[in-house]
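Here's the structure we're looking at; comments come further down.
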Amino acid sequence: MKGGARGSGRSALHKPWDRLRDITVTLILWAYYIMGFILLFSPFYLATLLRAEGREEAFQRWNYRLHRSFFALLRRLAPRVRWLISGEVKEIRSSLIVANHLSFLDPILFVSLYERQKTIVKRDYFRLPVFGWILRSSGYIPSLAGGLFAADMAEQIKKMRQYLAAGGNLFIFPEGHRSRDGRLGPCDPGAFKIARLCRATHLRVVRIRGTDGLFPPGRFLFDTRAERAIEVELAGTIELDYESEAFSSARLMEEARSLLERNA
């Protein structure tokens, strides 16, 4: 009984320290994300504006380097986290990628994996100072086709076939928002209609696990205390044949969903 009381006392003492550690790690990471961009990367983004050609590709490469350095810092600050990202996922090129969505970390993790990457971003973000300019300059696509950004979306989709053929990846989270319970939510068929519009030849279905434990939805703090694994694996590849009578966006969505649920 006495031993149990002593153990409880030690546990109680650790809780404030653990929370302080999470607060400290969180502040360091987001301070780096903001200040690292301003102090370390913004000169390179600005210099990229002077390029006559290849500006979009260069912006994507700077996004890749910024986010890669962010995750390198995260690995140092959260050593209990194991990162299990399959070689198959790292080697994906010239593909449309769909994945489940658990955490704010998911999209920036994908940016850190591929030098050439595009994604669909909520159109409100395009209105933000500086950040919106980077999104637009990187060739990212606003989420809705109506209103102010319809021309931007149409122009990017028009160029997507050539972009994919040149080795770029387009990644999409068809749920549209982060899962609150870890289960796959309803998918937006619009994400799969894009496959036909950009004439992607491969649809790579990627399963993410564990990011919601490290940075849960609806919380500001990273949880660095528990030992956990972040897993990113290829759930399957769907070859796209648009000439087949069996092809449809709805069927493609169901096939991708089946692969994600099978690997849950």
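The values are calculated or read from the model by the stated rules, or taken from the named source; none is laboratory data. For clarity, every value in this text was computed on a predicted model and none was experimentally measured. Backbone-built Cβ (ideal geometry, glycine too); neighbour counts: all protein chains shown.
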Just need a number here: residues in region 114-125 that are surrounded by fewer than 20 Cβ atoms within 10 Å (Cβ to Cβ) and assigned to a helix (DSSP H, G or I). 2
Could you please find all residues in region 80-93 being out of contact with any Lys or Arg (no Cβ under 8 Å at 6 or more places or on another chain) and either in a strand (DSSP E or B) or modelled with pLDDT under 95 (or both)? Leu84, Ile85
Would you say Asp241 is touching a Phe, Trp or Tyr at 6+ places or on another chain (Cβ under 9 Å), of a type in the set (D, E, K, R) and closer than 28 Å to Thr26 by Cα? no
State all residues of region 177-225 that are farther than 30 Å from Ala165 by Cα and among the small types (Gly, Ala, Ser); if no residue qualifies, say none. Ser179, Gly182, Gly185, Gly210, Gly213, Gly218
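Restricting to region 216-243, and then to whatever is part of a loop (DSSP other than H, G, I, E, B) and small (Gly, Ala, Ser), can you tell me which residue is farthest from the chain's Cα centre (by Cα)? Outline the logic, then answer.
From region 216-243, those part of a loop (DSSP other than H, G, I, E, B) are 216-227, 240-243; that's our starting set.
Remaining after also requiring small (Gly, Ala, Ser): 218, 226.
Details: Gly218: 17, Ala226: 23 Å.
Filtering first and then ranking leaves Ala226.
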Going by the structure shown, is Val98 among the aliphatic types (A, V, I, L, M) and surrounded by fewer than 17 Cβ atoms within 10 Å (Cβ to Cβ)? no
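Residue by residue, here is whether (1) over 22 Å from Asp223 (Cα atoms); (2) in a helix (DSSP H, G or I) holds:
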{"residue": "Trp17", "(1), (2)": "no, yes"}
{"residue": "Trp30", "(1), (2)": "no, yes"}
{"residue": "Phe41", "(1), (2)": "yes, yes"}
{"residue": "Ala52", "(1), (2)": "yes, no"}
{"residue": "Arg61", "(1), (2)": "yes, yes"}
{"residue": "Arg75", "(1), (2)": "no, yes"}
Set Val89, Val98: member being in contact with a Pro (Cβ under 7 Å, 6 or more places away or on another chain), closer than 25 Å to Arg257 by Cα and touching a residue at least 60 places away in the same chain (Cβ under 8 Å): Val98
Failed item, numbered, when Val81 is tested on (1) surrounded by 14 or more Cβ atoms within 10 Å (Cβ to Cβ); (2) free of Cβ contacts under 8 Å to residues at least 12 places away in the same chain: (2)
